[in-house]
Amino acid sequence: MKKVKVLLAAAVAAVLVSCGGGKGQGKPGFGDNEYAVRTIQSQDAATETTYPATVKGIQDVEIRPKVSGFITRLCVKEGQTVKAGQLLFVIDNVTYEAAVRQAKAAVNSAKAQLNTSRLTYENSEKLFKNNVIGTYELQSAKNALATAEAALAQAEAAYTSAKQNLDFCYVTSPASGVVGNLPYRVGALVSASIQQPLTTVSDISTMQVYFSVTEKDLLAMTKQAGGLNAAISDYPAVKLRLADGTVYDHPGRVATVSGVIDATTGTVSVRADFPNPSHLLKSGASGSIVVPHVTTSAVVIPQDAVSQVQDKHFVYVVGKDNKVKYTAVEVSPQDDGKTYVITKGLSVGDRVVVAGITSLVDGMEIKPLTEAQYAEKLKKAEELGKAQGDLGELKKAFGK
């Protein structure tokens, strides 16, 4: 047992020696002045900007009854896809059918009266030519014919109105789309004055996603493209991040930009259109518009290399004498969450500390390491920590 104990302790000691034997307090396995340094080179940078967005269908049509009555049939279900002209509801039509029959009878009566008045007028014309009756009698017959014609027109209008009211008992969809909520069921009394519509039919074949950009962004976009229409045409394809964090499969295109800036928020509304072949997107949903940006010949550094004090950003630039200088930089407002695009303060060829900057002070002399060397030493430091942990377990297992 003692032999095993000695061998294990020797193995751990060997690991400790190979890993630096505890140099560099606060940075396990590193010398106090060893830091990862990157030489700046220009590269293409892909960043993105996100905007809160609201999803709407091409049109959301409220379905309301034009006549009063009890709902006798419910012909659709919530979420069902319907076509234009498809039957949605049936309202009690007994009274309206009776009104149609009554109006039809009035039309027939008016026609009969018209025929009688026409015969009377024609007979009066013959009698007038034979000097049997005078002008008064002929004019009276003519007036009676005109009255009968007007009565027929009135009856036919009433008949048309009655038939239309009967047709209104059969509520159909004015557009193709998806049926929304159904607050009224069979037996409910509805009328044209109800507050809630019978339902809403949303055309979701293409979805319109609305988001807002700042006035500054709009001006920059317009100036760069040489006009608003050109800016819309040149706007890159956008993505839609859904409420669950996933990105919608189909990209969208910016279609319109509002011509009015909201004086309260200083933003302008933008609409992007997305195809919706599988009807995954629903009207009223929320999400985020993701606008990609590609910058060529950009200065890009890891976010770990940047310290932020309020709204200002700083990096440690390594001089020729290997002393660091606390340097202010400006970063692009768009980033990918891992790197920053530096717009001012750094140039190609500058050397920047990219790891461990929290232990640096301005003017401190360091020993620069490449990022590969730094990663290798970090790996050894992890092995050292594991070895120390194993040694502790051995002490517990074998005792002092």
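Observations on the structure shown:
- The residues of segment 28-84 that are closer than 22 Å to D203 by Cα, open to solvent by less than 20 Å² (accessible area, probe 1.4 Å) and among the aliphatic types (A, V, I, L, M), listed by number, are A53, V55, I63, V76, V82.
- Residue within segment 13-35 that is modelled with pLDDT of 90 or more and either within 19 Å of A381 (Cα to Cα) or within 46 Å of the chain's Cα centre (by Cα) (or both) present: yes
- Restricting attention to segment 57-76 and to residues that are among the charged types (D, E, K, R), modelled with pLDDT of 90 or more and in a strand (DSSP E or B), the residue that is nearest to P174 (Cα to Cα) turns out to be E62.
- Total residues in segment 305-320, condition within 21 Å of V348 (Cα to Cα) and loosely packed, with under 11 Cβ neighbours inside 10 Å: 1
- Residue list for segment 358-400, restricted to those being modelled with pLDDT of 85 or more and either polar (S, T, N, Q) or in contact with a Ser or Thr (Cβ under 6 Å, 6 or more places away or on another chain) (or both): T358, S359, T370, Q373
- Members of segment 123-162 found to be in contact with a Ser or Thr (Cβ under 7 Å, 6 or more places away or on another chain) and free of Cβ contacts under 8 Å to residues at least 24 places away in the same chain, listed by number: I133, E137, L138
- Among the residues of segment 61-75, those that are touching a Leu at 6+ places or on another chain (Cβ under 6 Å) and not β-branched (V, I, T) comprise F70, C75.
- Listed by first and then second residue, the pairs with beta-carbon distance under 9 Å, at least 6 apart or on different chains, first residue in segment 186-205 and surrounded by 12 or more Cβ atoms within 10 Å (Cβ to Cβ), second charged (D, E, K, R) and not in a strand (DSSP E or B), are V190/R64; I194/R64; P197/R64; L198/R64; T199/E78; S202/K282; I204/K282.
- For segment 126-146, filtered to residues that are surrounded by fewer than 13 Cβ atoms within 10 Å (Cβ to Cβ) and among the hydroxyl-bearing types (S, T, Y), the residue that is nearest to A99 (Cα to Cα) is Y136.
- Qualifying residue in segment 85-100 (condition: assigned to a helix (DSSP H, G or I), open to solvent by less than 60 Å² (accessible area, probe 1.4 Å) and without any contact (Cβ under 8 Å) to a residue 60 or more places away in the chain): yes
- Applying a threshold of 9 Å to beta carbon distances and a minimum spacing of six or more residues, or different chains, the list of pairs starting in segment 349-365 at a residue that is more than 11 Å from N33 (Cβ to Cβ) and open to solvent by less than 50 Å² (accessible area, probe 1.4 Å) and ending at one that is among the polar types (S, T, N, Q) and part of a loop (DSSP other than H, G, I, E, B) reads G349/Q41.
- The residue of segment 246-259 that is least open to solvent (accessible area, probe 1.4 Å), among those that are of a type outside the set (D, E) and in a loop (DSSP other than H, G, I, E, B), is Y248.
- Residue match in segment 329-344 (condition: closer than 21 Å to A36 by Cβ, touching a strand residue (DSSP E or B) at 6+ places or on another chain (Cβ under 8 Å), open to solvent by less than 60 Å² (accessible area, probe 1.4 Å) and modelled with pLDDT of 90 or more): yes
- Per-region count, segment 209-248, residues among the acidic types (D, E) and in contact (Cβ under 8 Å) with a residue 24 or more places away in the chain: 1
- Among the residues making up segment 260-312, a single one is basic (K, R) and in a loop (DSSP other than H, G, I, E, B): K282.
The values are calculated or read from the model by the stated rules, or taken from the named source; none is laboratory data. What you see is a predicted model, and the numbers here were worked out from it, not measured in a lab. Ideal geometry is used to build each Cβ from the backbone, glycine not excepted, and the neighbour counts take in all protein chains shown. What goes into the accessible areas is simple: the full protein's heavy atoms, side chains included, and nothing from ligands, DNA or RNA. Shrake-Rupley method; radii C 1.70, N 1.55, O 1.52, S 1.80 Å.
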